[in-house]
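These notes are about the structure you will find just below.
The values are calculated or read from the model by the stated rules, or taken from the named source; none is laboratory data. Just so it is clear, the model here is predicted, and its values are computed rather than measured. Note: ideal-geometry Cβ built from the backbone for every residue, glycine included; neighbour counts use all protein chains shown.
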Amino acid sequence: MADGTRTTRRPGRPPRTAVRGDRRERLLDIALELFARQGVAETTLSAIARKAGMTPAMAHYYFKTREQLFDLLIDERIMPGRAHIEELLQQHDADPVRALGLVVERLVAVHARQPWFGTLWIREMISDNDIFKQHMRKRLGVERQSAMLDTLCRWQREGKLDPDIEPALLLVSLLGMTMLPMAALRRWKRNPRTAHIDGKVVARHVLAMLARGIGPAAGG
């Protein structure tokens with residue numbers, strides 16, 4: 001204040017900026033869950049607000065439209081992971097097996113923090129609705145989309161990847177091998193035969209498949 005005194009707030013009451021940030025993050029969390037459960041096209045901003053325990057007007061304060069919310073969800077929750085995967089491929093260019101192993105660990109870690117991510121990715125990749133794919137293509141661009149595939153093709157030409165592998169399917173395969181079981185973990189916990197499976201088990205399984213395939217272990 002002008003006289004140098006400071007306004008006080010009630011003990012335990014978070015500052016307004018913290019409340020706004022918490023509400024915004026909660027809306028993004030709820031949006032991710034509903035997009036995964038219902039699909040992007042079928043989920044309205046009002047439905048997201050209701051699920052978050054807020055009024056539609058409050059949700060509109062943070063996000064003017066569902067499309068704006070979806071854009072921010074991609075920018076803040078999906079694209080950083082994609083950028084990190086690209087960095088891993090660049091940093092370990094001389095060792096594709098190591099690079100792809102780290103990609104697997106990264107995908108598992110992302111899903112551990114955002115449990116609905118795998119379900120959303122699976123749903124939208126097989127959906128006839130192109131909203132998710134269009135938003136992703138807009139951010140990646142043709143050059144960025146092809147750069148990763150070019151790296152895989154070069155590794156294969158250099159003899160660093162199995163010649164029978166299809167480069168265009170490799171990353172899709174890794175996503176499927178990690179995201180599908182990670183998305184099923186909640187349900188598998190109810191089954192005694194699969195209750196032991198967690199992110200570490202999924203990562204270990206996929207890494208073993210990458211390193212040794214499905215043949216018997218050496219000396220077995």
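Of all residue pairs spaced 6 or more apart or on separate chains, none has beta-carbon atoms under 7 Å together with a first member in the stretch 197-217 that is at pLDDT below 95 and assigned to a helix (DSSP H, G or I) and a second member that is surrounded by fewer than 14 Cβ atoms within 10 Å (Cβ to Cβ) and among the charged types (D, E, K, R). Looking across the stretch 125-171 at every residue that is loosely packed, with under 13 Cβ neighbours inside 10 Å and of a type in the set (Gly, Ala, Ser), the one that is nearest to Thr44 (Cα to Cα) is identified as Gly141.
If you take the residues of the stretch 146-161 that are part of a helix (DSSP H, G or I) and of a type in the set (A, V, I, L, M, F, W, C), which of them is nearest to the chain's Cα centre (by Cα)? So that I can check it myself, show each step before the final result.
Of the stretch 146-161, the ones part of a helix (DSSP H, G or I) are 146-157.
From the residues that got through so far, the ones that are of a type in the set (A, V, I, L, M, F, W, C) too are 147-149, 152-153, 155.
Values: Ala147: 20, Met148: 17, Leu149: 19, Leu152: 21, Cys153: 24, Trp155: 25 Å.
My answer is Met148.
The set of residues in the stretch 66-107 being loosely packed, with under 15 Cβ neighbours inside 10 Å and of a type in the set (A, V, I, L, M) consists of Met79, Ala83, Ala94, Val97.
If you check Arg187 against the conditions, is it at pLDDT 95 or above and not small (Gly, Ala, Ser)? Against the criterion (at pLDDT 95 or above and not small (Gly, Ala, Ser)), Arg187 does not qualify. In the stretch 33-46, the residue that is modelled with the highest pLDDT out of those that are crowded, with 17+ Cβ neighbours inside 10 Å and over 21 Å from Asp128 (Cβ atoms) is Leu45. Taking (1) of a type in the set (Asp, Glu); (2) assigned to a loop (DSSP other than H, G, I, E, B); (3) more than 26 Å from Ile30 (Cα to Cα) in turn, Glu143 satisfies each apart from (2).
Whether any residue in the stretch 56-73 is within 30 Å of Trp155 (Cα to Cα) and either part of a helix (DSSP H, G or I) or within 21 Å of the chain's Cα centre (by Cα) (or both) is what I want to check. Within the stretch 56-73, not a single residue is within 30 Å of Trp155 (Cα to Cα) and either part of a helix (DSSP H, G or I) or within 21 Å of the chain's Cα centre (by Cα) (or both).
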